[in-house]
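Visitor: Please see the structure below; I have some questions.
We did not get these values from a lab; they are worked out from the coordinates using the rules stated. All values derive from a computational prediction rather than experimental measurement. Ideal geometry is used to build each Cβ from the backbone, glycine not excepted, and the neighbour counts take in all protein chains shown.
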Amino acid sequence: MCAALETEDACRIDPGALALRLGVSREHFHRLFRIAVGMTPTHYARLARIGRAKALLREGHSQADVAAQCGFTDQAHFSRWFRRCFGVTPGNYMAREPQAYRRSAMEARRFEND
C-alpha cells in the first residue's frame, strides 16, 4: 500500500482507484489505510491539502490562489479549514510571517519567471 501511495498526489487520493490497483475492496482498503497511516484517506488528504496551502502562503501566494491550487471550493472554505487546523486565519498567519521571508520568497519567484 505504501508503494501505491507514493505514486499518488496526497491531496487527491482516490480510495476506489487505489483499492482497485491493490486488488481489494474499497472498504478493505479504507481499513488497511487506517491501520497503516493512523487516519482515514479523507483525513490524510485534507491534512496534505492544508499543509501544501500553508507552504504556498509562506511563498507569498495570495489566499485566493492558494485556495484554488489546493482544491478548496472557495476562499471562505479554505479559511475555515485553515483556522480549524492551525487556530489562526490565513490572513492572520501571513501577518505573523516575517516580512523579509515573504519578500525573499516573492523575489525568488519573480526570478524564476524571468
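Visitor: Measure off 7 Å from each Cα along the Cα-to-Cβ vector at residue 35 and residue 89, then give the distance between these two points in nanometres to one decimal.
Guide: It is 4.5 nm.
Visitor: Can you compute 3J(HN,Hα) from phi for each residue in the stretch 48-57, using the Karplus curve 6.51 cos²θ - 1.76 cosθ + 1.60 with θ = phi - 60°, rounded to whole Hz and x for Gly and Pro?
Guide: 5, 4, 6, x, 5, 4, 4, 5, 5, 4
Visitor: How far apart, in nm, are the 7 Å Cα→Cβ label points at residue 58 and residue 27?
Guide: Modelled inter-label distance: 4.1 nm.
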